[in-house]
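Okay, so here's the structure we're looking at.
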Amino acid sequence: MRSKPVLEIWNKIVKESFFLKIKEPFFSNFYNKNISKHNNFSSSLSYILADKLSTSSISTAELKKIFENIYSKNMYLLHFAVKDIRAVFKRDPVVKNYLTPLLYLKGFHALESYRISHYLWKKKKYSFSLYLQSRISSVFSVDIHPAASIGSGIMIDHASGVVIGERVKIEDNVSILHSVTLGGTGKIKGKNRHPIIRKGVVIGAGAKILGHIEVGSGSKIGAGSVVLKNVPSHVTVAGIPAKILSTADDVNKYNNPKKCSSKCTEKFQYGSGI
């Protein structure tokens, strides 16, 4: 279970919790229960997820044992979790340490729980996988089908109301805000009915991306937009239906005043981001 990236993040989290216990001694038991009493990142993460997903039918201890066993045989899941934590730390301005996603952010909890359900789905453990999907939806208000494919370095910010369909494919380093739907139009059945989200995409709050379409790498989807057609790489789209507001060339011109005309300035005056 030794891995440099995992050990590095775990050591930082343990150190952060140590100083927080000194600062807030009345909260020490919480840090002890979730971090200090665990020997490694796998044990801590397994406990945190199990504690949130357990029911009267399956206890925290039972779930923790199952999760730890999965992690012990699939180290890549821990690497994904580390990359997800680093993504949140880097992109979310309110997150000041690595401990915060692990302990408090339900988008991270939902994502790592999904990763276990996805592993189980691929192993044809459908009933347990669907149990986890149901608990993720109930506990975190995030509905991710276990068959969906999601890369690493993902941030699901705020998370409430996020829906990700069965055939969705999300590449690495994507950011998703609350109330986002990645689903079908209802007009097509079968495998090719859900969107493909390429690497580095940012999807604003409340956006709906529907159908078997592709959002190109590095693009931004404006809040509340409804996307029904393919989106090229490195553009910003917004609206109902979504239309291109700016391209990478526009941004380059905006960042270089000598190449930016008055029309360029006017275009950006009203905003083209999310």
Do the conditions hold for TYR71, that is, is it within 26 Å of the chain's Cα centre (by Cα), in the same structural domain as TYR119 (by TED's automatic domain parsing), closer than 24 Å to SER134 by Cα and of a type in the set (Ser, Thr, Tyr)?
-> yes
Out of SER179, SER134, SER138, SER160, which single residue is surrounded by 17 or more Cβ atoms within 10 Å (Cβ to Cβ) and either touching a residue at least 60 places away in the same chain (Cβ under 8 Å) or among the polar types (S, T, N, Q) (or both)?
-> SER179
GLY153 passes all but one of (1) free of Cβ contacts under 8 Å to residues at least 60 places away in the same chain; (2) of a type outside the set (D, E, K, R); (3) in a loop (DSSP other than H, G, I, E, B); which number fails?
-> (1)
Count of the stretch 38-57 residues which are among the β-branched types (Val, Ile, Thr) and within 19 Å of the chain's Cα centre (by Cα) = 1
LYS52 being within 16 Å of LYS33 (Cβ to Cβ), in contact (Cβ under 8 Å) with a residue 12 or more places away in the chain and not hydrophobic (A, V, I, L, M, F, W, C) = yes
What is the one condition in (1) buried (at least 16 other Cβ atoms within 10 Å of the Cβ); (2) within 20 Å of the chain's Cα centre (by Cα); (3) not acidic (Asp, Glu) that LYS199 does not satisfy?
-> (1)
From the list LYS191, LYS199, LYS229, LYS187, which one is basic (Lys, Arg), closer than 20 Å to ASP157 by Cα, out of contact with any Pro (no Cβ under 7 Å at 6 or more places or on another chain) and in a loop (DSSP other than H, G, I, E, B)?
-> LYS199
Just to be sure, is GLU8 more than 24 Å from VAL142 (Cβ to Cβ), among the acidic types (Asp, Glu) and in a helix (DSSP H, G or I)?
-> yes
Of residues in the stretch 69-103 being of a type in the set (S, T, N, Q) and in a loop (DSSP other than H, G, I, E, B), the one surrounded by the most Cβ atoms within 10 Å (Cβ to Cβ) | ASN97
Got a number for residues in the stretch 36-60 being in a helix (DSSP H, G or I) and not acidic (Asp, Glu)?
-> 14
Any idea which of TYR104, TYR126 is in contact with a helix residue (DSSP H, G or I) (Cβ under 9 Å, 6 or more places away or on another chain) and not assigned by TED's automatic domain parsing to the domain that holds HIS178?
-> TYR126
Of the conditions (1) surrounded by fewer than 19 Cβ atoms within 10 Å (Cβ to Cβ); (2) within 23 Å of ALA159 (Cβ to Cβ), the single one that ILE66 does not satisfy is (2)
Just checking, how many residues over the stretch 10-39 are within 17 Å of LYS64 (Cα to Cα) and either surrounded by 18 or more Cβ atoms within 10 Å (Cβ to Cβ) or touching a helix residue (DSSP H, G or I) at 6+ places or on another chain (Cβ under 6 Å) (or both)?
-> 3
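Results for (1) modelled with pLDDT of 55 or more; (2) under 30 Å from GLY190 (Cβ atoms), shown as yes or no for each residue.
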position: ILE213; (1), (2): yes, yes
position: SER219; (1), (2): yes, yes
position: ALA223; (1), (2): yes, no
position: ASN230; (1), (2): yes, yes
position: THR236; (1), (2): yes, no
position: LEU245; (1), (2): yes, no
position: GLY271; (1), (2): no, no
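The values are calculated or read from the model by the stated rules, or taken from the named source; none is laboratory data. Here the structure is a predicted model, which means the values were calculated and not measured. A quick note on method: Cβ atoms are made from the backbone with ideal geometry, for glycine too, and the neighbour counts reach across all protein chains shown.
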